[in-house]
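Notes for the one structure printed next.
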Amino acid sequence: MIRKLYPHEPLPMELLLLADPSENQIHSYSRSGHCYVLEIEGQCIGVYILQQQSPQGIELMNVAVAEHWQGKGLGKQLILHAIETARVLEYASIHVATGNSSIGQLALYQRCGFRLVGIVPDYFTLHYPEPIFENGIQCRDQVRLALELKGTE
Ligand SMILES: CC(C)(COP(=O)(O)OP(=O)(O)OC[C@H]1O[C@@H](n2cnc3c(N)ncnc32)[C@H](O)[C@@H]1OP(=O)(O)O)[C@@H](O)C(=O)NCCC(=O)NCCS
């Protein structure tokens, strides 16, 4: 079951850190965002955070599934739930950003309907203190994706 986390409940930080190595960044966007959790038998095994970016646009800031549960379709379920939440809240578009080295995530977002809309060169080299490597590639640039929601129901 996926449900909204109440403001008094602690953030599932261990999960959120799987998607974003910066606890400071997580705290800053979770304060103004809404956190949703996927629970199985009372255990939190998935998470996503939505943050409004403009009156018409919302951003999926973090999505993660506990390592043991990955590869079973739960990540896709969380992303599709985030898209549906944004649609119900009547946003015109939902956005997401990832790194140039996050090949699996780029595939997954596009499978969920997102299109590539831009690149922020050197975003990760400038905003993260340690170099990040994935798939043998240095994560330097932010890749931005978006999905238009209005008129696509
Ligand atoms: C990214 C993440 C949320 C995906 O969750 P998941 O439960 O493992 O993903 P799913 O099992 O739902 O996979 C969904 C689809 O993506 C595909 N996929 C996953 N990894 C892939 C890869 N490396 N290359 C190609 N496709 C991939 C799957 O094949 C599946 O496709 P299908 O539905 O057509 O079969 C999860 O791996 C995770 O928490 N990673 C660490 C945190 C993270 O990187 N978050 C994203 C930050 S941008």
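Among the residues of the range 60-106, those that are acidic (Asp, Glu) and under 16 Å from VAL37 (Cα atoms) comprise GLU67, GLU84. Condition first: under 14 Å from the mean Cα position of the chain (by Cα) and aliphatic (A, V, I, L, M). Can you find one or more residues in the range 119-142 that meet it? Checked against the condition, which is being under 14 Å from the mean Cα position of the chain (by Cα) and aliphatic (A, V, I, L, M), the range 119-142 yields no hits at all. Which of the residues belonging to the range 117-135 are in a helix (DSSP H, G or I) and of a type outside the set (Ser, Thr, Tyr)? Result: PHE124, LEU126, HIS127.
Inclusion of ILE83 among residues that are in contact (Cβ under 8 Å) with a residue 24 or more places away in the chain and within 14 Å of the ligand (Cβ to nearest atom) is warranted.
In the range 52-69, which residue that is within 12 Å of the ligand (Cβ to nearest atom) and either polar (S, T, N, Q) or free of Cβ contacts under 8 Å to residues at least 24 places away in the same chain (or both) is nearest to ALA146 (Cα to Cα)? My answer is ASN62. Listed by first and then second residue, the pairs with beta-carbon distance under 8 Å, at least 6 apart or on different chains, first residue in the range 18-39 and among the aromatic types (Phe, Trp, Tyr), second at pLDDT 90 or above and not in a strand (DSSP E or B), are TYR36/LEU5; TYR36/LEU78; TYR36/HIS81; TYR36/ALA82; TYR36/THR85. When GLU59 is tested against (1) out of contact with any helix residue (DSSP H, G or I) (no Cβ under 9 Å at 6 or more places or on another chain); (2) charged (D, E, K, R); (3) within 22 Å of SER101 (Cα to Cα), exactly one condition is not met: (1).
The values are calculated or read from the model by the stated rules, or taken from the named source; none is laboratory data. Just so you know, these numbers come straight off a predicted model, no measurement behind them. Glycine gets a Cβ as well: all are built from the backbone with ideal geometry, and neighbour counts include every protein chain shown.
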